[in-house]
1. If I build a Gaussian network model for the chain, linking alpha-carbon pairs within less than 10 angstrom, which residue out of Glu285, Glu61, Glu69 has the largest mean-square fluctuation?
2. Packing-wise, with mean Cβ within 10 Å as the measure, how do 122-131, 195-204, 27-36 rank, highest first?
3. Considering the options Leu68, Met84, Cys4, tell which one lies farthest towards the positive end of the dipole of segment 1-119, charges being +1 on Lys and Arg and -1 on Asp and Glu at the Cβ, about the Cα centre.
4. Place a +1 charge on the Cβ of each Lys and Arg in the chain and a -1 charge on the Cβ of each Asp and Glu, then give the dipole magnitude about the Cα centre in debye, rounded to the nearest 20.
5. For the chain, take the longest principal axis of its alpha carbons; what is the angle in degrees between that and the long axis of helix 303-317, to the nearest 10 within 0 to 90?
6. Give the relative contact order (percent, whole number) for the chain; include only Cα pairs under 8 Å separated by 6+ residues.
7. Could you give the dipole magnitude of segment 22-122 about its Cα centre, charging the beta-carbon of Lys and Arg +1 and that of Asp and Glu -1, in debye to the nearest 20?
8. Magnitude of the Cβ-charge dipole of segment 163-246, K/R +1 and D/E -1, about the Cα centre, nearest 20 debye?
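Laboratory data are not the source of any read-out in this text; all were calculated from the coordinates shown. None of these values were measured; they are calculated from a predicted model. So basically every Cβ, Gly included, is an ideal-geometry build from the backbone, and we count neighbours across all protein chains shown.
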Amino acid sequence: MDACDVVIVGAGPAGSTCARDLRRRGVDVVLIDKARFPRDKVCAGWITPGVIDALQLNVEEYRQQRTLEAITGFRIGVIGDAAMCDVDYGRPVSYAIRRSEFDQYLVDCAGGARTGEHVRTIERRGGRWIVNDAIAAPMLVGAGGHRCPVARIVDDGREHSPVVAAAEIEVDVRGDGSNVVRDRPELFLARDLAGYGWCIRKGDYVNAGFGRVGGHTLEHEASEFLRFLRQTGRLPADCAQALRAHAYGLAPFHRSLVTNGALLVGDAASLAHRLSGEGIGPAVESARFAADAIVAADGDYRSERLQPYADAIEQRFGLTRSDRLTAFAVSSRLWTAAVRHLVTRPWFARHIVLDRWFLQRHERRRQRCPDRLHVTGTA
């Protein structure tokens, strides 16, 4: 049986970032994932400057062999309406990436992972976690997404947070073409504001999809939206690629994040942004908090020693008074009608829809996130 300090289940951005930070501090980590990398991960896939800073990503080095399209603006509209608002920031405010490349890069930065390994069993024996009767460690990190098997241990498999369902495709448009501008993703709000569609260029590929809270009408709405994109030249007219669906939970989380010897990060912790559904940023941030907490625990992984991690997540992703007011307003029919009217007005589209809802630029200015958990005795 392989023995290590920490087993991390899931090698996406959360798991790989946590493994990287731990290994850099001398922690013996086994990172596993059921998929074989590089794996095809369909995702709208844009990252903010905050993610680049958190990962200390060398932009020029990364884009030499991978897709990294600077996003300098967006086009915003409402599904069913012809009017669109073009917002130009004049500088990069995000970057479009392909998840198959991005996730492989993060796994490489983490020192590799055991991929193609399904988690069949997780048992607790004598203060250690035994995974698949093959790997033993006193500490377990759940980073396996919305259906992470570790979440069933930490939180008894309960579902507490709002769930977003999304369906999307990623199409190679080199032969057929697309009129989607490379630096200008297009966002289309649902008329009830409970979801949105998107269309984003990533080098030779276009990613398009639709997501909404609940998802009971997802298949129909996503299919209709993609038909609109084909009719308007954003996707090839003969594009018949099947939609791929997935789900994830939204912050504020309402599930336990820590228990004795285990914690949850990223989508396993239901940390996607409540208005945009963006999950890569929360995944990376939570992974770095988790690594700090694990190192600070110094081998004593009782839940009370891991609680500073949960406290940091609450401080960073919990609801503020402004968030509560926004949530209340969004539930109002009057507010919904007002947004549909205002969304194509330049000031509202830029400062409310983009800056606050999609780019979370106000959160960086507010600085309500602790820089890092305090860790002593580490390099």
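1. Per the Cα network of the chain with a 10 Å cutoff, Glu61 tops the list.
2. On the way: 122-131: 14.9, 195-204: 22.6, 27-36: 19.2.
Ranking the peptides 122-131, 195-204, 27-36 by packing returns 195-204, 27-36, 122-131.
3. Checked the options; the winner is Cys4.
4. Values: 52 positive and 47 negative charges, 139 e Å.
The dipole of the chain has a size of about 660 debye.
5. Tilt of helix 303-317: around 10 degrees.
6. On the way: 771 pairs, mean separation 74.5, N = 379.
Once normalised by length, the contact order is 20 percent.
7. On the way: 15 positive and 14 negative charges, 102 e Å.
Computed about the Cα centre, the dipole is about 480 debye.
8. Values: 11 positive and 12 negative charges, 37 e Å.
Taking the Cα centre of segment 163-246 as origin, the dipole is about 180 debye.
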